[in-house]
Structures are given as C-alpha cells and as structure tokens.
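Taken together, the values in this text are just the output of simple stated rules run on the coordinates, not laboratory data. Quick caveat, the model's predicted, so the values are computed rather than measured. Ideal geometry is used to build each Cβ from the backbone, glycine not excepted, and the neighbour counts take in all protein chains shown.
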Amino acid sequence: MTDCVFCKIVRGEIPAEKVYEDDNFLAFLDITPINPGHVLLIPKEHYENLYNIPDETMQKAGPIIKKLALMVKKGTDAEGVNLGMNNEKAAGQLVPHAHFHIMPRFFNDGHELWHGLPYPSEELMRQIAEKIKNNI
Ligand code: AMP
Ligand code: ZN
C-alpha cells in the first residue's frame, strides 16, 4: 500500500533497524520502545489487522514470534517478554498494517499490565461465554 509506513519499510523507502527477515515477514525495532529491544513483526503483505491475515500466514507467524521472543529475551537480558497486538483504533492500533509487538520486560520497569475486574455475576460471565462460543 503506497502510503503505509510499514509497507515503506518493506520496500526500503524508509529506514528500519531490522532484526529478522524471511520471504513473508520482517521484524525491526520499534522507534518508540516500551523498553530498548521492543520489536515489531509484520507480514510483508499489507493486511490491516489480525482479522485480515490469511490462516496460512498466521501458521507461519507462530514459530517466528516464539523465536523473536527468545532472541529479544537473550539479546536484552530481559526478565520477561510481553506479546501484544492492537487491532482497530479502540484497541490502540495506530499503524493500520498488522503487527505483533514483542516487548522485553524487567521487574520495576515502570510499565503495568491492564487491570482486570471480576464479573458482577456468574450468570453474566456464562452469558458472555455463550455469545462468544456462538461466533465460532
Ligand atoms: P500500534 O499502536 O500497535 O499501531 O503501534 C504502532 C507502533 O509502531 C508504535 O509502537 C510506534 O512506535 C511504531 N512505529 C511507528 N512508525 C515506526 C517506524 N517508522 N519504525 C519503527 N516503528 C514505528
Ligand atoms: Zn502496509
């Protein structure tokens, strides 16, 4: 896609600090990392988000994400690694080219996880599970 910043990185039109590349995927350092070594993995093809990525591409992504998590952990001496993917604006997606975040974490690094809240009732929890199951 012409105007997409990540497509431009794939085409070599803007620079990126690449850490992994194969025929289908590219991984590079995020320019505003939550910690140094925060990596983004993208499919080279332009898909807007998770929903559009073909199953075949997702099957290839799994082992690469695992490999990158270990590369990031070892390369930064991280004490943990978060995986993330923001899909759609409501979920914080800023760049509309699907990407996986691989983020090194350290004790007391100043970042929190989101805060969970218990369901108000078991009935509501059961109903929501039913609604989700109905969309398989
Ligand atoms: P998201 O909110 O999941 O869409 O995250 C987009 C991420 O892309 C942010 O963490 C940005 O720092 C990162 N980003 C945007 N432009 C670039 C770029 N040119 N090179 C590397 N990372 C980028
Ligand atoms: Zn793109």
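Is it the case that the stretch 102-114 has a residue that's within 26 Å of Glu17 (Cβ to Cβ), surrounded by 10 or more Cβ atoms within 10 Å (Cβ to Cβ), of a type in the set (D, E, K, R) and out of contact with any helix residue (DSSP H, G or I) (no Cβ under 8 Å at 6 or more places or on another chain)?
So far as the stretch 102-114 goes, yes, one or more of its residues are within 26 Å of Glu17 (Cβ to Cβ), surrounded by 10 or more Cβ atoms within 10 Å (Cβ to Cβ), of a type in the set (D, E, K, R) and out of contact with any helix residue (DSSP H, G or I) (no Cβ under 8 Å at 6 or more places or on another chain).
Yes/no per residue for (1) within 14 Å of ligand 1 (Cβ to nearest atom); (2) in contact with a helix residue (DSSP H, G or I) (Cβ under 8 Å, 6 or more places away or on another chain):
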| position | (1), (2) |
| --- | --- |
| Ile9 | yes, no |
| Val19 | yes, yes |
| Asp23 | no, no |
| Thr32 | yes, no |
| Asn52 | no, no |
| Lys67 | no, no |
| Lys74 | no, no |
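What's the total number of residues in the stretch 4-41 that are of a type in the set (D, E, K, R) and farther than 22 Å from Thr57 by Cβ?
2
Return the residues of the stretch 119-136 that are surrounded by 10 or more Cβ atoms within 10 Å (Cβ to Cβ) and of a type outside the set (Val, Ile, Thr); say none if nothing qualifies.
Within the stretch 119-136, Tyr119, Leu124, Met125, Arg126, Gln127, Ala129 qualify.
Exactly one condition in (1) within 16 Å of ligand 2 (Cβ to nearest atom); (2) in a helix (DSSP H, G or I); (3) of a type in the set (A, V, I, L, M, F, W, C) is false for Leu68; which is it?
(1)
Quick one: in the stretch 76-105, of everything that is part of a helix (DSSP H, G or I) and over 15 Å from Pro33 (Cβ atoms), which residue is farthest from ligand 2 (Cβ to nearest atom)?
Among them, the one singled out is Ala90.
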